[in-house]
Amino acid sequence: MTVALYPGSFDPLTNGHRDIIDRISRIFDKVIVSVLENPRKKPLFTIEERVEMLEQIASKYKNVEIDSFRGLLVDYARKKKSDIIIKGLRSTGDFEFEFQMALINHKLEPSVETLFIMTNSEFSYVSSSMVKEIAYYGGDISSLVPPEIHEKVLSKINANVEKLQF
Ligand code: PNS
């Protein structure tokens, strides 16, 4: 059974993330979408909120599990018995950093392979930071985030305008 990990911050989940979850769910037997609990970042949404939003959009897939993790991704991959890490690439701008991460992760755990999937061109410009920035300035984010979580994202951003970082 091929188990693929799709890790990220998902702060918040965007239509680009959803598109990748949809596509990889059709390639692998099982997909574990996992939210990083990063003590060095100040996310807008709590871990529980990010997991809940992912669960909302992933409930229709029988082979997609939502989880969260701390520490090194390769240690988590070992724990989940997965040796495939999926990363979405939007542009060449993403490539350099992701290439370095893939090499480091491979050095740390040679059995783990990072596979890249190109984001659908429709979403190549969408990032969680931009979603937050657009909503902060009152722009329309309805085409950037899944409809199931649109209201939740808007109300969270509106309630936290003074401490928003993007
Ligand atoms: O959505 P993001 O913020 O681009 O996701 C980044 C993520 C979570 C995939 C990355 O930060 C990560 O894997 N963090 C775990 C720590 C780790 O293993 N780092 C690699 C060695 S430096």
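The values are calculated or read from the model by the stated rules, or taken from the named source; none is laboratory data. Values in this document were obtained by computation on a predicted structure and should not be read as measured data. All Cβ positions, even for glycine, are placed from backbone atoms using ideal geometry, and neighbour counts span all protein chains on display. Protein only, heavy atoms only, side chains kept; ligands, DNA and RNA dropped before computing areas. Shrake-Rupley method; radii C 1.70, N 1.55, O 1.52, S 1.80 Å.
The table for this structure:
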| read-out | value |
| --- | --- |
| Lys60-Leu108 FRET efficiency (beta carbon distance; Förster radius 41 Å; 0.05 resolution) | 0.75 |
| Accessible-area order (highest first, 1.4 angstrom probe) of the listed residues Lys41, Lys81 | Lys81, Lys41 |
| Cα lying deepest toward the dipole's positive end in the chain, options Gln100, Val161, Ala58, charges on Cβ | Gln100 |
| Student exercise, the chain dipole from Lys, Arg, Asp, Glu Cβ charges, in Debye to nearest 20 | 340 |
| Cα-based reach from Lys30 at 19 Å (exclusive), listing lysines while leaving out same-chain residues under 8 positions away | Lys60, Lys62, Lys79, Lys80, Lys81, Lys87 |
| Geometric extent, Cα atoms of the stretch 41-166 - Rg, Dmax (angstrom) | 16.4, 46 |
| Pairwise centroid distance, computed over Cα atoms, of the stretch 85-107 with the stretch 128-145, Å | 25 |
| Relative packing of peptides 114-127, 24-37 - highest average C-beta neighbours within 10 Å first | 24-37, 114-127 |
| Rounded percent of accessible protein surface that carbon and sulfur make up, the stretch 3-163, 1.4 Å probe | 53 |
| Eligible lysines near Lys42 by straight Cα distance, threshold 20 Å, same-chain separation 8 or greater | Lys132, Lys152, Lys156, Lys163 |
| Lys/Arg +1, Asp/Glu -1 at C-beta; the chain dipole; positive extreme among Gly139, Val35, Phe123 | Val35 |
| Distant-in-sequence amide H partners of Ile117 (H built 1.01 Å from N, under 5 Å) | Lys87, Gly88, Leu89 |
| Å² per residue, accessible surface of the stretch 3-163 at 1.4 Å | 55 |
